[in-house]
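Everything below concerns the one structure shown next.
The values are calculated or read from the model by the stated rules, or taken from the named source; none is laboratory data. Not measured: the values here are computed from a predicted model. Using ideal geometry, Cβ is built from the backbone for each residue, glycine included, and neighbour counts are taken over all protein chains shown.
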Amino acid sequence: MARIPLLTAADANDSNRDVLQRDVNLYYALGHVPGAARAFSQMGLWLRFESTLDTRLRELAILTVGYVERAVYEWAHHIELGYQFGVTDADIERLIAELEGQDTDLEPIAKHVISAAREVAVDGAMTDATWAALAPEFGTEKMIELTTAIAFYCAIVRVLKTLQLDLEPEAQQFIDRWPLPQD
């Protein structure tokens, strides 16, 4: 159960109406501080629609953060979003296998993106080896975009877990299909 009361669309006023239009608990929580909600939204929308990073690879990075952090809310929502941006069930199976230490036939660039996201989420930074594997392929701009995306979703996970936001019922299907391991 969430640590704070969630706003609803009925709570919309001139200061928060725009952020409460997003029908998810994250924005019903952040709507208490409309400026924070807008900042979160702006960054997320930029990453989703303006970044030059390959959308499937971006979603694999975000899913990695959700998986290693055991963040149910993030994991479920980005399985759904991942499907919209080219992630397949086979990708999710391979991502889980890679994160559980198994080698898969996932293409090398995707493996490096998963490693990068795992390293940043767990250790706070990408290793030199992972950076060196990605940088020739991505170049400076995409390396910054990848790093920013991973760091942003690490921040979101910390907000979600601290506020203890509940998963919306319609997103439960993704957890039922792809449950996170219990540590």
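In a residue-by-residue description of the range 121-140, the property of being under 21 Å from Leu45 (Cβ atoms), at pLDDT 95 or above and out of contact with any Cys (no Cβ under 8 Å at 6 or more places or on another chain) applies to no position.
Just one of the listed residues (Glu137, Glu141, Glu145) is more than 19 Å from Leu63 (Cβ to Cβ) and either in contact (Cβ under 8 Å) with a residue 40 or more places away in the chain or of a type in the set (A, V, I, L, M) (or both), and it is Glu141. In a residue-by-residue description of the range 96-107, the property of being in contact (Cβ under 8 Å) with a residue 40 or more places away in the chain and of a type in the set (A, V, I, L, M, F, W, C) applies to at least one position. Residues that are of a type in the set (S, T, N, Q) and within 23 Å of the chain's Cα centre (by Cα) were ranked within the range 11-32; the one that is nearest to Gln42 (Cα to Cα) is Gln21.
Annotation: Thr8 fulfils all but one of (1) more than 16 Å from the chain's Cα centre (by Cα); (2) surrounded by fewer than 16 Cβ atoms within 10 Å (Cβ to Cβ); (3) under 23 Å from Ala171 (Cβ atoms); (4) at pLDDT 95 or above; the unmet one is (4). Taken together, the criteria place Ala110 among residues that are in the same structural domain as Phe138 (by TED's automatic domain parsing), under 24 Å from Gly124 (Cα atoms) and of a type in the set (Gly, Ala, Ser). Being out of contact with any His (no Cβ under 6 Å at 6 or more places or on another chain), in contact (Cβ under 8 Å) with a residue 60 or more places away in the chain, surrounded by fewer than 14 Cβ atoms within 10 Å (Cβ to Cβ) and not basic (Lys, Arg) is a condition met by no residue of the range 30-48. Scan the range 1-41 for residues that are among the aliphatic types (A, V, I, L, M) and farther than 17 Å from Val157 by Cα and the total you get is 8. Against the criterion of being crowded, with 18+ Cβ neighbours inside 10 Å, closer than 22 Å to Pro179 by Cα and either in contact with a Phe, Trp or Tyr (Cβ under 8 Å, 6 or more places away or on another chain) or polar (S, T, N, Q) (or both), Tyr73 does not qualify. Looking at the range 11-56, which of the residues that are in a loop (DSSP other than H, G, I, E, B) and basic (Lys, Arg) is modelled with the lowest pLDDT? Filtering the range 11-56 for residues that are in a loop (DSSP other than H, G, I, E, B) and basic (Lys, Arg), the one modelled with the lowest pLDDT comes out as Arg22.
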